[in-house]
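Where a number appears in this text, it was derived from the coordinates with a stated rule and is not lab data. On a predicted model such as this, the values are computed, not experimentally measured, just so you know. Here the Cβ is made from the backbone with ideal geometry for all residues, glycine too, and neighbour counts use every protein chain on show.
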Amino acid sequence: MPETPCHGDVFHIQQQLEQVANGLARQAQGVITHRIKLEQTITKALLTNSMTQKLTIQQVKATRREAGLVARAQDVKTLLQWFSHDVLALAGPSLAVRQELFDFKESNIRPFVS
């Protein structure tokens, strides 16, 4: 129905993007919890002089994963806010400006690298 106007139907795309942002935030929180538990295990291992090297390697990996997930979650949250306020807002710039903003942001999104 190309001749039927559709004004303001932004709920579903915002909902999906919020689900992605919330999912990444939960993953980041899980990794933070994992790293904290590893640090506690390392502290106990230091007291008994057992397996600290293996645990330290796991801690370094967990810290790197945590940094990546936290940064990614923040990036997606920023993208969601920008998208909601500048592109999908009911009141705001003209359609041409919104399309230009969308095209600009889409071309500058970093690819995911794990």
Residues A67 and H12, FRET efficiency given R0 of 25 Å [Cβ-Cβ distance, rounded to 0.05]: 0.20
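Hey, how much of the P(r) for the stretch 21-107 falls beyond 17 Å, as a percent of Cα pairs?
Numbers: 2301 of 3741 pairs.
The answer is 62 percent, as a whole percent.
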The stretch 21-107 - percent relative contact order, Cα under 8 Å, separation 6 or more: 34 percent
